[in-house]
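Here's the structure, in structure tokens; my notes come after.
The values are calculated or read from the model by the stated rules, or taken from the named source; none is laboratory data. Bear in mind that the values here come from a model prediction, so they are computed numbers and not experimental data. Please note: Cβ atoms are built from the backbone with ideal geometry, for glycine as well, and neighbour counts cover all protein chains shown. Quick note on the areas: whole protein, heavy atoms, side chains included, nothing else; ligands and nucleic acids left out. Shrake-Rupley method; radii C 1.70, N 1.55, O 1.52, S 1.80 Å.
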Amino acid sequence: MDGDARRGSQKRENVYTLYYSPGTASMCVHQALIEANAQYDLVLVDLQAGRQRDPAYLRLNPAGVVPTLLIDDVPHTETAALLMTVATRHPEARLAPAEGSALRSAWYQWIVYLANTLQPAFRLWFYPADISEQADVQAILKAATCRRIESIWARIDTHLLAHGPYLLGGEFSAADLMLIMLMRWSRNMPRPATEWTALDQFAARLKARPSWKKLYALEGLSEWA
Ligand SMILES: N[C@@H](CCC(=O)N[C@@H](CS)C(=O)NCC(=O)O)C(=O)O
């Protein structure tokens, strides 16, 4: 975590502080902040160095993961919740359909679906040691997880083919930011998400957004640009 002690004791000018690590679950929250044209501070949490388990960070995020978003100095966690929070706080960015509309319900549905299915599957794919230290158990787990992720791509691809180009049809939203982040995580898997036609077209569309390019520059990303 870069400069956390200093940030903890100084008055921040910006409403938001995002604790992030490049290309991880913080990515879609970061892109939402960019889309919303919000002012924010970024604090890098060095996951390789284990800084997510520093006591100071655990006080903000007891699960020891990124992202954490401070809003007016109050810590908030869970990617999907943060995404919905940022979208709701910045209606002018049009990252969420109108409150009370049928599209709004679909928006909740997709974000919760992604958070309940794909994101935990990726957690197993990247962190099989969460479940077992045994290499043979991990291998079985990863094979099963890979099949699970592929079946989810197939389901979303079918949806986009029929109802795309975005998850909500013609309307881009924060749900798409979560989807593109998760798709990116599959880039080194046996069958990356872009092997499905509609998902591939979706990726091209999302990658053309100025917020994607800005996100890449700010997080120092290069792969899957
Ligand atoms: N449910 C959490 C999961 C976040 C998560 O797993 N973040 C990963 C990066 S993608 C992380 O911080 N990993 C570090 C670790 O587990 O030590 C959320 O949605 O915020």
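Annotations
- Close pairs from region 112-136: first closer than 15 Å to residue 65 by Cβ, partner within 12 Å of the ligand (Cβ to nearest atom) and open to solvent by less than 50 Å² (accessible area, probe 1.4 Å), Cβ under 6 Å, at least 6 apart: 115/80; 122/185
Every residue, every condition in (1) farther than 13 Å from residue 215 by Cβ; (2) out of contact with any Ser or Thr (no Cβ under 6 Å at 6 or more places or on another chain); (3) assigned to a loop (DSSP other than H, G, I, E, B); (4) open to solvent by less than 10 Å² (accessible area, probe 1.4 Å), yes or no:
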| residue | (1), (2), (3), (4) |
| --- | --- |
| 33 | no, yes, no, yes |
| 42 | no, yes, no, no |
| 47 | yes, no, yes, no |
| 52 | yes, yes, no, no |
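- Residue in region 169-178 that is over 18 Å from the mean Cα position of the chain (by Cα) and not in a loop (DSSP other than H, G, I, E, B) present: yes
- Qualifying residue in region 70-79 (condition: more than 10 Å from the ligand (Cβ to nearest atom), at positive phi and open to solvent by 80 Å² or more (accessible area, probe 1.4 Å)): yes
- Test: residue 194 is surrounded by fewer than 14 Cβ atoms within 10 Å (Cβ to Cβ) and under 23 Å from residue 125 (Cβ atoms): no
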